[in-house]
């Protein structure tokens with residue numbers, strides 16, 4: 001008995017000297033990433049608290065706080081130059097070269113990779129049922145849909161929706177903070193910029209060395225999906241920077257509201273939707289009041305207004 005214990009002790013000592021590590025339990029990577037993301041979220045809460053009452057009051061009034069507008073416009077000009085000379089031509093060539101079916105397959109595959117992160121944010125927002133549906137969607141498309149190339153889950157009623165940590169912070173009551181234009185990434189604000197960092201940290205799906213390529217592919221896919229909307233917005237804008245800023249903030253506020261009250265299907269719409277649904281048609285305009293003793297005056301038709309981005 002004593003000899004056996006001595007032998008075991010000798011083997012353990014040899015293993016330690018050889019540098020062998022014995023782990024009884026290893027914490028999964030996704031739990032570590034989520035914990036790190038939550039820590040960054042706490043920092044975001046503190047940053048948002050320091051953003052200043054004037055910024056919060058402007059957001060509550062529906063206005064946009066852009067104290068660094070000069071710097072933001074400089075970054076916007078640089079991003080726009082890169083978009084015109086690189087991203088837009090590449091996106092155009094992609095659309096013209098790749099058949100529509102293959103484009104849908106690539107889009108579905110890239111979208112499927114986002115589903116686990118979306119499910120985590122659903123749960124963090126308190127939408128547990130929505131998160132469960134997202135997990136089912138990911139499972140169905142990853143298996144029956146060929147790694148997500150085919151959106152089989154949509155045919156089963158499991159529709160895709162958007163959710164990210166910037167939206168989660170908004171659902172938690174964190175203010176959006178000042179507006180920002182980020183290099184390469186484009187429109188954002190303090191809250192969403194923090195959410196972007198957290199999204200990279202807590203993403204449970206990582207393809208290792210291929211992840212940067214996936215990120216570039218997702219950016220190109222988003223550019224292709226919004227090409228027509230962006231062109232329409234730019235053509236109809238006197239100030240493209242201000243129009244894009246307004247469109248972005250409107251959509252982000254709508255997404256936060258959707259996180260608080262799921263069901264608006266905002267996640268199925270383009271990032272920028274150019275429409276004017278809230279303007280009543282000319283036939284609904286009330287007749288003008290006529291002066292005493294004169295014939296009634298018919299209402300003039302409403303003029304055609306330039307379309308504004310509504311998210």
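The values are calculated or read from the model by the stated rules, or taken from the named source; none is laboratory data. No experiment lies behind these values; they were computed from the predicted model shown. Neighbour counts are summed over all protein chains in view; Cβ atoms, including those assigned to glycine, are modelled from backbone coordinates with ideal geometry.
The table for this structure:
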item: Residue identified as modelled with pLDDT under 50, part of a loop (DSSP other than H, G, I, E, B) and within 30 Å of residue 173 (Cα to Cα) among 270, 262, 280; result: 270
item: Selection count where residues are without any contact (Cβ under 8 Å) to a residue 60 or more places away in the chain, in contact with a helix residue (DSSP H, G or I) (Cβ under 6 Å, 6 or more places away or on another chain), surrounded by 17 or more Cβ atoms within 10 Å (Cβ to Cβ) and on the phi < 0 side of the Ramachandran plot, scope segment 124-148; result: 9
item: Subset of segment 230-243 [in a helix (DSSP H, G or I) and in contact (Cβ under 8 Å) with a residue 60 or more places away in the chain]; result: 232, 233, 240, 241, 243
item: Segment 224-238, residues that are under 13 Å from residue 80 (Cα atoms) and more than 20 Å from the chain's Cα centre (by Cα); result: 231, 234
item: Residue 199 being part of a helix (DSSP H, G or I), in contact with a helix residue (DSSP H, G or I) (Cβ under 6 Å, 6 or more places away or on another chain), closer than 23 Å to residue 117 by Cβ and modelled with pLDDT under 95; result: yes
